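**Q** My questions will all concern the structure given below.
The values are calculated or read from the model by the stated rules, or taken from the named source; none is laboratory data. Quick caveat, the model's predicted, so the values are computed rather than measured. Ideal geometry is used to build each Cβ from the backbone, glycine not excepted, and the neighbour counts take in all protein chains shown. Side chains included, ligands, DNA and RNA excluded: accessible areas come from the protein's heavy atoms. Shrake-Rupley method; radii C 1.70, N 1.55, O 1.52, S 1.80 Å.
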Amino acid sequence: MSFVPLKSLEASAHPAATDAGGKESLQLGITGMHCAACVGRVEQALASVEGVSSAAVNLATERAQVRLSRPIDLQALIGAVRRAGYDAHAMDAAGHDHAAHLRALDAASLRRRFVIAAALTAPVVVLGNFGMLAPLNRIPMLLQNLIQLVLTTPVQLWAGWSFVIGAWRSVRRRVADMDLLVGLGTLTAFTYSTVATLAPQWIPGAGGVAPVYFDTAAVIITLILLGRLLEARARAGTSSAMKRLLDLSPRTARRVVDGVTEDAPLDRIVPGDILLVRPGEKVPVDGVVIDGSSSIDASMLTGEPIPVEVGPGATVTGATVNQSGAFHMRAERVGADSMLMQIVRLVEQAQSSKAEVARLADRVVAVFVPVVITIALIAFVLWLVFGPEPRFAHALLTLVAVLIIACPCALGLATPTALIVGTGRGAELGVLIRGADVLEAAEGAQVIVFDKTGTLTRGRPELTDVIPVPGTSEERVLALAAALERPSEHPLAAGVLRGAKARAVPRLEPEDFAAVPGRGVIGVVEGRALVLGTASLLADQGADVAPLAADAARLEAEGRTVLFLAENGALLGLLALADTLKPDAANVVRALEARGMEVWMITGDNARTAHAVARAAGIAPSRVMAEVLPAEKSAKVRALQADGRKVVMVGDGINDAPALAQADVGIAMGGGTDIAMEASGITLVRGDLAGVEIALRLARRTMQVIRQNLFWAFIYNALGIPIAAGLLYVFLRPGGPIGPVFGWEGTLHPMLASVAMALSSVSVMTSSLRLRGFR
């Protein structure tokens, strides 16, 4: 069996390439994004450039996939992104991002700002909330306010300066986002508190000391910095996984020039070079074997545990492992054209091509922020014109109260707190979930696609049958076969040895041993010449397999690998091995179908084996996709998505990564590769298929809590903002329709607004904590 390399997605080292739709495309690295609103602005900026047919920006990987209707200047795209308030940089044809060190510096700066902000905020919170209690009440209130001012100033003007800049950019661009609300709210609370500390006489009714709200500004900034730090770490994990995938290729290759072998850096290998590959080495590039033969471990690409036998004319793929035998090969596809690099690009393009699922809070922020600001300004003007004396002071207090009560604590905490609790509970159950977009997609999933090897099956060949000829026992056949396989490192040998150990057959030692690549092994045990392998190998050794031919045909029809055993030219029996189904696979398939989901299986293995596994798992024959290459897996998933259905892909290998990224939700088995896990939104730590159903149920429950949190956060704003603006003053003022109630005249002091804001945050967090009881 040989592997046919995928068609090249890029024809040159230029960053533009031809995508699956036939149009030129290129990738840009983007920095400075923080939310779905940022993604939308960058996409709009890129799409506005003449010659761009579409642009898709991925917040997690900080990359933009741009499709072009005609060649354009790269600097025009970078300039458009920069004018939108962000930064962009080019990436080379292989997808290497050369701004990784800049992101590392940004992450370090963000971490430093958060740590210092948290350290300064802690005492501010203590003084702001418990300053009136002993022993803090011994410190004069004015001195407490001054201490809070000193501690909060670097939080507001250094750690939180990016929010101020973001708010200013939002004003310049005439757009409303969370930066604008955070910047306005924290600056208003900080400025008002600074005035109340340094000039309390300007605050009506303050006496000698006015209340301050430094803790409001400091806590908001610190919490949002924490959220962005967690986002930055998640993005760094994605980048490091891609780097590990690229590191699968060897650094050098053994090039043969005029009969002399030399070590050459991989980037100097060109198509047509003749390369030598020795046992145990990785195949350096994609190419064709021209002489020699060997067994190639291609599980990195195919997921199949049994090595592939290659000889002259066979295609080999870079980064696969040469297990036995040396061979010469002719390089054909190198660098960006190699299958490994195509898998990298398939993962990234699939991620970028998906519409970014906006966070629920960001969906309404474009309306919420301008409405809040408008209400605050209208209230300020009305109080300034119609309010009681001193009018300006009352108007200013109302403006501050509206902006403080509208600060996005509850709104900003609604999603992350539910995520933290929900994903934490998932982790306890062995399910790791990346974020809100994954949960949202998983909640509405209708189709689930399982990879076969290592996902539905154990991922390694296991002994299933031992059939002796009449007059010989199963124990004898297995003991001799195990003795012969003991020196071998072949996966089939390991399966035979595990089977022998499980059945406790007597241990025998070989006296001589030799492997016949691709066919089997020969040797001497207890003075008898033995041969174990294919029917053709036994025929060459003079043994007739006809007595067990019918049994062999039946087992092979069930997708099993058959090995014949002969002694001194006489057939003793056969052994069958197969990659067996995981114990819980059939139950999980039934449970998912009971929920109304379509269950499919996809594999690179042959159709006979695939249908045998599907039958055992309870998957309908019409939903089996066999002999599918890595690039084709993502296309198959895309086809299932074509009618608008949400698709979940479950896999564990590098060959599954493009499909995992293409799916609405990728679920990786914990025992799989790093790339599979990084391309997925959900990872099952224990590799237990029952985790698939747990993940889908947890996603639904967590999304319910997020929506409830957002509902209550918005209800709080809907009720709190009008009260802070003074709406009730019309009814409760002295002489009003119903007069003061319990001495309250209908106005909301900023201090009460701050308390109300804190209570809304507590209610959201309490709601999220319900997820700890998920079963």
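**Q** Arranged from highest to lowest average of other beta-carbon atoms within 10 Å per residue, in what order do the peptides 373-384, 542-553 appear? It would help to have the intermediate numbers written out before the result.
**A** On the way: 373-384: 17.0, 542-553: 14.5.
Top to bottom by mean Cβ count within 10 Å: 373-384, 542-553.
**Q** How far, in nm, would the chain grow between VAL171 and ARG590 when pulled straight, counting 0.36 nm per residue and subtracting the alpha carbon separation? Could you put the intermediate results ahead of the total?
**A** On the way: separation 419, 0.36 × 419 = 150.84 nm, distance 5.48 nm.
Full extension of this stretch gives 145.4 nm more.
**Q** Here's a follow-up. Which Cα, out of ALA631, GLY542, PRO621, lies furthest along the positive dipole direction of the range 499-635 (beta carbon charges, K/R +1, D/E -1)?
**A** Highest projection toward the positive end goes to PRO621.
**Q** Then there is this: Quick one: what do you get for the range 590-683 if you divide its Cα Rg by 2.2 N^0.38 Å?
**A** Values: Rg = 12.7 Å, N = 94, 2.2 N^0.38 = 12.4 Å.
Normalised by 2.2 N^0.38 Å, the Cα Rg of the range 590-683 equals 1.03.
**Q** Simple spin-label model, 7 Å along Cα-to-Cβ: LEU382 to ALA539 in nm?
**A** 9.5 nm
**Q** How far apart, in nanometres, would the label points at ALA104 and LEU719 be if each is projected 7 angstrom from Cα along the Cα-to-Cβ direction?
**A** Inter-label distance under the simple model: 5.1 nm.
**Q** For a quick protection proxy, order the peptides 108-121, 282-295, 703-716 by their average other-Cβ count within 10 Å, most packed first.
**A** For the peptides 108-121, 282-295, 703-716, the packing ranking is 282-295, 703-716, 108-121.
**Q** Could I ask something else about it? Mind giving me the nanometre distance, one decimal, between the label points for ARG278 and ALA504, set 7 Å out from Cα along Cα→Cβ?
**A** 4.6 nm
**Q** How many angstrom lie between the Cα centre of the range 700-716 and the Cα centre of the range 415-466?
**A** Their Cα centres are 24 Å away from one another.
**Q** Which of LYS282/LYS636; LYS452/LYS633; LYS452/LYS636 have a Cα-Cα distance over 23 Å?
**A** Pairs exceeding the cut-off: LYS282/LYS636.
**Q** Okay, next question. Using Cα-Cα distances under 8 Å and only pairs 6 or more residues apart, what relative contact order does the range 446-495 have, in percent?
**A** In percent, rounded to a whole number, it is 33.
**Q** For ALA642 and SER48, what is the calculated FRET efficiency with R₀ set at 35 Å and r taken between the beta-carbons, to the nearest 0.05?
**A** Given R0 = 35 Å and the Cβ-Cβ separation, E is 0.75.
**Q** What is the percent carbon and sulfur in the accessible area of the range 526-588, measuring with a 1.4 Å probe over the protein chains and ignoring ligands?
**A** So the carbon and sulfur contribution to the accessible surface is 51 percent.
**Q** Next question. So between GLU262 and ASN606, what do we pick up on full extension, going 0.36 nm a residue minus the alpha carbon distance? Mind dumping the intermediate values first?
**A** Details: separation 344, 0.36 × 344 = 123.84 nm, distance 3.88 nm.
Computed gain between GLU262 and ASN606 is 120.0 nm.
**Q** Okay, moving on. Stretched out fully, how many nm does the piece from LEU226 to ARG686 gain, at 0.36 nm a residue minus the Cα gap?
**A** This chain segment gains 162.7 nm when fully extended.
**Q** Something else now. If r is the Cβ-Cβ distance from GLN446 to ALA550 and R0 is 41 Å, what FRET efficiency results, to the nearest 0.05?
**A** 0.40
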